[in-house]
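Below is one structure, written out as structure tokens; the observations come after it.
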Amino acid sequence: MNNLKLTGRKPGENRSVIEVGGIRVGEEFVVIAGPCSVETEDQTVRTAIAVKAAGAKMLRGGAFKPRTSPYAFQGLGLKGLKILDKAKRETGLPIVTEVVDTRDVSWVGEYADILQIGARNMQNFSLLREAGKSGKPILLKRGMYSTLEEWLNCAEYILAEGNDQVILCERGIRTFETYTRNTLDLSMIPAVKAESHLPIMVDPSHGTGIKFMIEPMSLAAIAAGADGLEIEVHIDPPSALSDKDQQLRPEEFAAMMKRIFELREFIAEKNDEAAEATKRGELDKGKGPSGSRDVFADATD
Ligand code: PEP
Ligand code: MN
């Protein structure tokens with residue numbers, strides 16, 4: 001890909017690691033979890049405590065919601081950010097929250113550990129430049145009609161302002177399929193890894209919009225080498241003010257995290273076996289555990 005001066009992968013270059021409150025995205029596997037929207041202090045803090053107990057490393061929650069309808073719940077704004085701050089103080093989890101307006105970037109950045117730029121704003125170039133100037137880590141979601149090249153060029157806008165702390169997040173694209181909310185394009189995981197040094201996370205909540213698909217798509221994303229996941233969790237999904245059909249209950253999230261842990265353990269074991277076999281020269285002689293080398297991303301934290 002041409003013109004990716006800063007986001008493109010150069011031969012031999014290490015992959016980027018984005019450090020957020022002691023967590024190293026790109027090096028360790030990171031699950032960001034929490035409600036679609038911050039609604040009340042009780043809802044947010046209880047969800048934060050539950051997702052932390054299940055193994056999430058960061059808390060998500062929207063205080064500014066980009067909604068299809070202007071009459072739908074738009075988020076609590078500053079009040080929501082203060083609730084997120086409370087949840088952070090209670091749990092120690094870093095906060096991931098969306099910013100939708102250039103005028104808000106600097107003050108939202110005072111509450112956020114990672115500023116999220118959502119799918120609908122991926123190509124909002126003034127917002128990207130402002131996010132770049134903020135110097136904050138940015139989670140840049142893929143636009144629902146965007147190609148990989150367009151997406152990486154948007155990341156380039158942020159890096160061009162001197163901010164290299166960008167994490168990409170695949171969240172599904174619009175296709176002719178209507179069964180799912182979006183078509184989760186997991187092929188972007190190896191594609192991003194081939195073309196860029198930036199970490200790539202996956203959001204199966206918006207990617208599918210359907211609860212029962214979140215776990216299988218999460219496991220598939222891990223097998224394909226994703227650096228992390230962003231998952232919507234709500235203490236009482238039927239009462240949620242946004243995205244009620246795709247938010248997991250804390251106990252469903254905890255059960256999924258157990259499966260994620262098991263898969264990652266399995267992958268780590270296979271990678272260890274492959275490394276051992278390589279050391280012994282067995283793979284070269286065709287005796288090693290076939291297929292395990294280079295198939296899975298390194299699953300060790
Ligand atoms: C979100 O994560 O809150 C969100 C609105 O997602 P997206 O921008 O991917 O639709
Ligand atoms: Mn949502």
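The values are calculated or read from the model by the stated rules, or taken from the named source; none is laboratory data. Keep in mind it's a predicted model, so treat the numbers as computed, not measured. Because the Cβ atoms are built from the backbone with ideal geometry, glycine has one as well, and the counts that use them run over all protein chains shown.
Scanning the range 234-243 finds one or more residues that are under 25 Å from Leu140 (Cα atoms), touching a Pro at 6+ places or on another chain (Cβ under 8 Å) and not basic (Lys, Arg).
Here Thr68, Thr47 are screened, and the one residue that is without any contact (Cβ under 8 Å) to a residue 24 or more places away in the chain, within 14 Å of ligand 2 (Cβ to nearest atom) and closer than 24 Å to Pro238 by Cβ is Thr68.
Of all residues assigned to the range 46-58, none qualifies as being surrounded by fewer than 23 Cβ atoms within 10 Å (Cβ to Cβ) and within 16 Å of ligand 1 (Cβ to nearest atom).
The set of residues from the range 107-141 being surrounded by fewer than 19 Cβ atoms within 10 Å (Cβ to Cβ), away from ligand 2 (no atom under 16 Å from the Cβ) and more than 13 Å from Leu81 (Cβ to Cβ) comprises Gln123, Phe125, Ser126, Arg129, Lys133, Gly135. Within the range 132-159, the set of residues being within 17 Å of Asp113 (Cβ to Cβ) and in contact (Cβ under 8 Å) with a residue 60 or more places away in the chain comprises Pro137, Leu139, Lys141. The lone criterion from (1) within 16 Å of ligand 2 (Cβ to nearest atom); (2) over 16 Å from Pro94 (Cα atoms); (3) hydrophobic (A, V, I, L, M, F, W, C) left unmet by Leu168 is number (1).
Cβ separations smaller than 6 Å between residues 6+ apart or across chains give the following pairs from the range 15-36 residues that are surrounded by 18 or more Cβ atoms within 10 Å (Cβ to Cβ) to residues that are charged (D, E, K, R) and part of a strand (DSSP E or B): Ile32/Arg60; Ile32/Glu230; Gly34/Arg60; Cys36/Glu232. The residues of the range 2-29 that are under 19 Å from Ile158 (Cβ atoms), in a strand (DSSP E or B) and among the hydrophobic types (A, V, I, L, M, F, W, C), listed by number, are Ile18, Val20, Val25.
Going through Arg15, Arg60 one at a time, which residue ends up being among the charged types (D, E, K, R) and farther than 23 Å from Gly75 by Cβ? On inspection, the qualifying residue turns out to be Arg15. Within the range 226-244, is there a residue that is touching a helix residue (DSSP H, G or I) at 6+ places or on another chain (Cβ under 7 Å), assigned to a helix (DSSP H, G or I), away from ligand 2 (no atom under 16 Å from the Cβ) and within 15 Å of Thr44 (Cα to Cα)? For the range 226-244, residues touching a helix residue (DSSP H, G or I) at 6+ places or on another chain (Cβ under 7 Å), assigned to a helix (DSSP H, G or I), away from ligand 2 (no atom under 16 Å from the Cβ) and within 15 Å of Thr44 (Cα to Cα): absent.
Within the range 196-218, being touching a helix residue (DSSP H, G or I) at 6+ places or on another chain (Cβ under 8 Å), crowded, with 18+ Cβ neighbours inside 10 Å and of a type outside the set (Val, Ile, Thr) holds for Ser196, Leu198, Pro204, Ser205, His206, Gly207, Gly209, Met213, Glu215, Met217, Ser218. Under the condition of being more than 20 Å from Arg60 (Cβ to Cβ) and either assigned to a loop (DSSP other than H, G, I, E, B) or within 16 Å of ligand 1 (Cβ to nearest atom) (or both), the residues counted in the range 155-174 number 6. So is Ala33 within 16 Å of ligand 1 (Cβ to nearest atom), in contact with a helix residue (DSSP H, G or I) (Cβ under 8 Å, 6 or more places away or on another chain) and either of a type in the set (A, V, I, L, M, F, W, C) or at pLDDT 95 or above (or both) or not? Yes, satisfied.
Within this structure, Gly209 fails the test of being at positive phi, away from ligand 1 (no atom under 16 Å from the Cβ) and touching a residue at least 12 places away in the same chain (Cβ under 8 Å).
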